[in-house]
Amino acid sequence: MKQLKKLLLFIVFGVLSMLTHTLSAQTIYYVKASQGLNLRRGPSSNYGVVRSIPPKGKVRVMEQNSNGWWKVTYNGQEGYVSSKYLTEDKSKATSSNRKNTTSSKRSNGHSSNSRNTNSNRNNRSSNSHASDYDWGVGVRLGDPSGVTIKKELQGHALELSVGSTYVLSGKKYDDRYYNDHFNDWYHDMNYHYDDFQYIGYDISTPIAVQLHYLTQKDIHRLGDNAVRGLSWYYGFGGQFRFQTYTYDYRYKVHGDKTWYYTTGDKETDIDFGVDGVIGLEYTFSNAPISIFMDFTTMIEVFDNPFQFWFQGGLGVRYRF
């Protein structure tokens, strides 16, 4: 257990150190949409337009929401824009189409139609990119170790993890843990032998399923530096765990000093509980990849009520 704690602390400090050195402090972005970009009252295309930001317009990012709509300020006005049409590199921001501008100047009758057409195009473009990443699928190491699937919602998320559990550490601790389980199981059987002794065990691969409802919060600064792509989250959910133990033991019957041996007696252990989780996630700006770590506390409801489980994990997801 001490080794596991040391490993988790090492990972936490390592990831935070990496993020501190790799995240950029730049908060100024430029509009790269050739028809300009709508500044909206809320984080989706369903909200009304505050104003239109021209191509190469400079905005200051206030919040980088995980759903792809960022809170920005432009000329003192706050609102939300689709991050897909922003760039940090001013040279990549495109200028307005000169041909369309010239045509609109030549004919006042066509000017209004041109502006309406541009506005409709921009609205359609915004509607098609309401969210950069809706799903994340990847690999998780820890408890459990296996597959993780995440569905993004508006400021929230659903996360499903399925895999093998890691519960115990060290042979000495294992023997004591399974010896206690054997004693509980044996007394429940009511054999009433004069004496019995636990010899050994064999276990199946332990399987766990976790389902969490998460609330996500963006982190904008680490110390004096502004950051992008970093968020923390918390939530609640439930767990289901399943494992089979096969015990070997010996016993004595009444009035007989001979030891009798039994091998292969099985017990199926099913655990269900509710839990709370807190975690940290970073999504790379130049690739649809995120890395994460989390810590979970479960309170068992069945079959050993009020037993606490402390778990941790880390992993990587592909975002799409």
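The values are calculated or read from the model by the stated rules, or taken from the named source; none is laboratory data. Computed from a predicted structure; not experimentally measured. So basically every Cβ, Gly included, is an ideal-geometry build from the backbone, and we count neighbours across all protein chains shown.
Of the residues making up segment 215-225, those that are surrounded by fewer than 16 Cβ atoms within 10 Å (Cβ to Cβ) and assigned to a strand (DSSP E or B) are T215, K217, R221, L222, N225.
Quick one: in segment 25-61, of everything that is touching a residue at least 24 places away in the same chain (Cβ under 8 Å), in a strand (DSSP E or B) and in contact with a Lys or Arg (Cβ under 7 Å, 6 or more places away or on another chain), which residue is farthest from S231 (Cα to Cα)? Restricting to residues being touching a residue at least 24 places away in the same chain (Cβ under 8 Å), in a strand (DSSP E or B) and in contact with a Lys or Arg (Cβ under 7 Å, 6 or more places away or on another chain), the top hit is V50.
Provide a single number: the residues in segment 226-258 that are farther than 29 Å from I270 by Cβ, surrounded by fewer than 20 Cβ atoms within 10 Å (Cβ to Cβ) and either assigned by TED's automatic domain parsing to the domain that holds W69 or basic (K, R) (or both). Matching residues across segment 226-258 total 2. Considering only segment 245-260, I want to know if a residue exists there that is among the acidic types (D, E), modelled with pLDDT of 90 or more and within 16 Å of S161 (Cα to Cα). No, segment 245-260 has no match at all.
Looking only at segment 287-294, decide whether some residue is over 30 Å from W69 (Cα atoms), modelled with pLDDT of 90 or more and not assigned by TED's automatic domain parsing to the domain that holds S66. So far as segment 287-294 goes, no, none of its residues is over 30 Å from W69 (Cα atoms), modelled with pLDDT of 90 or more and not assigned by TED's automatic domain parsing to the domain that holds S66. A Cβ distance below 9 Å, combined with a sequence gap of six or more or placement on separate chains, defines the contacts here; from segment 185-198, residues that are assigned by TED's automatic domain parsing to the domain that holds Y251 reach residues that are part of a loop (DSSP other than H, G, I, E, B) and of a type in the set (A, V, I, L, M) in the pairs Y193/V253; D194/V253.
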